[in-house]
Amino acid sequence: MNWTAFSVFLLFFAFVTVLGFVSAKWRRGDMDLIDEWGLAGRRFGTVVTWFLLGGDLYSAYTIIAVPAAVYAVGASGFFAIPYAIIMFPFFFMVMPRLWSVAKKHGYITASDFVKDRYGSGFLALVIAITGILATMPFLALQLVGMQAVLDAMGLTGKMPLTIAFLILAVYTYNSGLRAPASIAIVKDLMLWVTIIAAVICILFAFDGGIAQIFSAAEAKLSTNNPPGSLILQPERFVAYATLALGSAMALFLYPHSLTAIFSSTSRNALKKNAALLPAYTIILGILALLGFVAIALNVQAKTSSEVIPQLFLRLFPDWFSGFAFAAIAIGALVPAAIMSIAAANLFTRNIYREYINKNCTPKQETNMAKLISLLVKMGALFFVVLMSKQDAINLQLLGGIWILQILPAVVIGLYTNWFHRWGLLVGWLCGMGLGTYMAISQNLGNLYPLQIGGQTVLGYAGFYALIVNISVSAAVTVVIRAVGMKAGVDKTSVEDFEVL
């Protein structure tokens, strides 16, 4: 047991716990309304939105997984860098339009928009179920990241993790989205301090200069099975590009990303964030390079999730390791809270209110969302306790393939309602089925060797499935329109997408 690291860790964890509870009074509204509990009244400005989205997107799993991938395979692990670069122009073009129509009509979820855009409750239900299914393993991975730092301090077993998530469950129930928003500010500041300290320590750790890191990494990666490399090999180009592009398009389709976006106060705040959020890519780039640093320092890890905790123990004194571990653990709390709120919003608004209790009051709706947020967290906890870490990772990869299949209905729907609701449903079904088949055939991996003209093209299964999804949606729409089947009633107007 590393008592010094644990003491510092406990101090900061206690601080954010208190902050989570008192956040309920921050810009307080009527917490019996789901708009207030689940979206904080849509009152977050540019700065808070920046921290909230940063805390949401750059989670504990990101901090753990990106350098671990580079540690294991080298250049291929850097796909997260172009992915992060691509996603913000996508964010700038798409999300202000979605925010505008959501603000105008009071939408809480993407399914709310889909229902009104295409006049289809069933399509909205499908989108909601897809979002919930994709979110659950993502939430579980935050626990994997937290478990990694607890293990590094000597807190083995599931009880410390269980206690931490029970605390999270209670203050999320009490404070709603305000809790992760306030904690995200602390988490991001701690993460920046940790990264700056890591860079300084690295500069002093290598007498032979930075080149020593890359030389050691190149030598070690070539001995791996299969071999890794510092430079991306030509046969990996398509896989690298499609994985980066597909992941960039998928990220802001996740319910937790959209929840953070809907909570913003204006289109202008979102546009400013599209310009400011790339600053986090600096952190992401340094995090990725830490994988090479771990190789150069001969860090030995039994599993990929141990790489960064073991590296921090090597680089930092014990007290600062505790600080860094607290940053990672808090980096699990923020997205976990938002994910549970987002899943609860989807279930309550698009399943409970639509199919179980159509006459529910606003208070009943909010209370149901609070209850579901607790159940979602408990489900994720049991998921991690009962399954292996690799199973959680594999299912999250599958979740990324799934969430990408709602892009035609949500993103393309922001620009045109040409697609017929039944075309989108059939396309979604084909995309989900094909993407799932590809993943299962590769032992739940997300890369699939597609045979084209006698050549094997390794690419992202989700991207391949999306192409099929859009193609089928278009073909079915053409056929349906040719036979004269009516489309659903569109309750939106052109002006709704440009509301300031």
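The values are calculated or read from the model by the stated rules, or taken from the named source; none is laboratory data. Just so it is clear, the structure is predicted and the values come from calculations on it, not from any experiment. Reconstructed Cβ throughout: ideal geometry from the backbone, glycine too, with neighbour counts over all protein chains shown.
Figures for the structure shown
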| item | result |
| --- | --- |
| Residues that are crowded, with 19+ Cβ neighbours inside 10 Å, touching a Leu at 6+ places or on another chain (Cβ under 8 Å) and within 23 Å of I403 (Cα to Cα), drawn from region 346-382 | N350, V376, K377, A380, L381 |
| Residue in region 296-307 that is hydrophobic (A, V, I, L, M, F, W, C), farther than 30 Å from A110 by Cβ and assigned to a helix (DSSP H, G or I) present | yes |
| Search result, residues across region 23-57 that are modelled with pLDDT under 90, out of contact with any helix residue (DSSP H, G or I) (no Cβ under 8 Å at 6 or more places or on another chain) and not in a loop (DSSP other than H, G, I, E, B) | K25 |
| Selected residue (only one of L450, L398, L434 is buried (at least 17 other Cβ atoms within 10 Å of the Cβ), touching a residue at least 12 places away in the same chain (Cβ under 8 Å) and either in a loop (DSSP other than H, G, I, E, B) or over 22 Å from the mean Cα position of the chain (by Cα) (or both)) | L434 |
| Some residue of region 12-19 being at pLDDT below 90, of a type in the set (S, T, Y) and either within 21 Å of the chain's Cα centre (by Cα) or within 30 Å of P317 (Cα to Cα) (or both) | yes |
| Output for region 372-406, where each listed residue is out of contact with any helix residue (DSSP H, G or I) (no Cβ under 6 Å at 6 or more places or on another chain) and closer than 27 Å to D112 by Cβ | L375, M378, G379 |
| Close pairs (7 angstrom Cβ cut-off, 6 or more residues apart or separate chains): buried (at least 23 other Cβ atoms within 10 Å of the Cβ) in region 53-77, small (G, A, S) and not in a helix (DSSP H, G or I) anywhere | G74/G228; G74/S229 |
| Some residue of region 353-365 being touching a Cys at 6+ places or on another chain (Cβ under 8 Å) and at negative phi | yes |
| Count of region 1-39 residues which are touching a Gly at 6+ places or on another chain (Cβ under 8 Å) and β-branched (V, I, T) | 2 |
| Per-region count, region 373-395, residues more than 12 Å from L139 (Cβ to Cβ), among the polar types (S, T, N, Q) and either over 16 Å from the mean Cα position of the chain (by Cα) or at pLDDT 85 or above (or both) | 2 |
| Residue within region 98-105 that is touching a His at 6+ places or on another chain (Cβ under 9 Å), in a helix (DSSP H, G or I) and of a type in the set (F, W, Y) present | no |
| Condition met for A68 (under 24 Å from G488 (Cα atoms), under 22 Å from the mean Cα position of the chain (by Cα) and part of a helix (DSSP H, G or I)) | no |
